[in-house]
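Before any comments, here is the structure.
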Amino acid sequence: MLLMLVASVSFFSSCNKDDDNGVNMGGSDVSGGNGGGSEVETKTYTGTLKVFNREPNSEEPSVQLTVPVDNQSINMSLSSSAFGLSIEDLVLEIIGMGPTPSSNLSISGVPYTVSSSDADLCVVDYVCDVQIDISGTYATVTKIKGSFSKSSNVMNLAVLATGSLELLDQDVYISVVCPSASAGE
């Protein structure tokens, strides 16, 4: 059970070292990033979330750890230079173990760049080293990578995280693909 808590909290926890808001376990409020007063747009992506094992020092998924969460609704707040995501009632089913408790989770202040060839495509390649507290132990988010569209329901993001010793030092790869698993998988 703790492994999935690592995965879910890792995906939706802040990787911005300057952001003191961190994890929002109590609701679905989303910070608008750190755009310095720029207008924030909010939209909803719907797609599939999966959690995989990964080899140490690898950025590639290995063994799938959860049953895919289909039709997962993910809210995005987007400013001119950063984004935030929030999700309500996330339940992951660990293969062979059953479902985790429901969580309301969020991430904010993750920087992105706009593709030079497509002004609608936003690219994320953010390296960080942020510890996420989980009931007295922790997970560490090390990277968020991938892309999303400003105007359509297309998202392909991966989050890399590692559990603490108490969480078996598990390396985790979290994948979110919108609008569906058939697009790009």
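Points worth noting:
- For segment 23-59, a residue qualifies if it is modelled with pLDDT of 50 or more, part of a loop (DSSP other than H, G, I, E, B) and within 20 Å of P111 (Cβ to Cβ), and the qualifying residues are G37, S38, E39, V40, E59.
- Of residues in segment 106-139 being surrounded by fewer than 12 Cβ atoms within 10 Å (Cβ to Cβ) and in contact with a Lys or Arg (Cβ under 9 Å, 6 or more places away or on another chain), the one modelled with the lowest pLDDT: D129
- Filtered by the rule that a residue be farther than 25 Å from S115 by Cβ, part of a loop (DSSP other than H, G, I, E, B) and in contact (Cβ under 8 Å) with a residue 40 or more places away in the chain, segment 60-75 gives S62, L65, P68.
- The lone exception for D89 - which of (1) more than 19 Å from C178 (Cβ to Cβ); (2) surrounded by fewer than 18 Cβ atoms within 10 Å (Cβ to Cβ) it fails: (1)
- Options S103, S79, S62; residue that is of a type outside the set (D, E, K, R) and modelled with pLDDT under 85: S103
- Qualifying residue in segment 76-87 (condition: more than 22 Å from C128 (Cα to Cα) and either part of a strand (DSSP E or B) or among the acidic types (D, E) (or both)): no
The values are calculated or read from the model by the stated rules, or taken from the named source; none is laboratory data. What you are looking at is a predicted structure, and each value in this text was computed from that prediction instead of being measured. Reconstructed Cβ throughout: ideal geometry from the backbone, glycine too, with neighbour counts over all protein chains shown.
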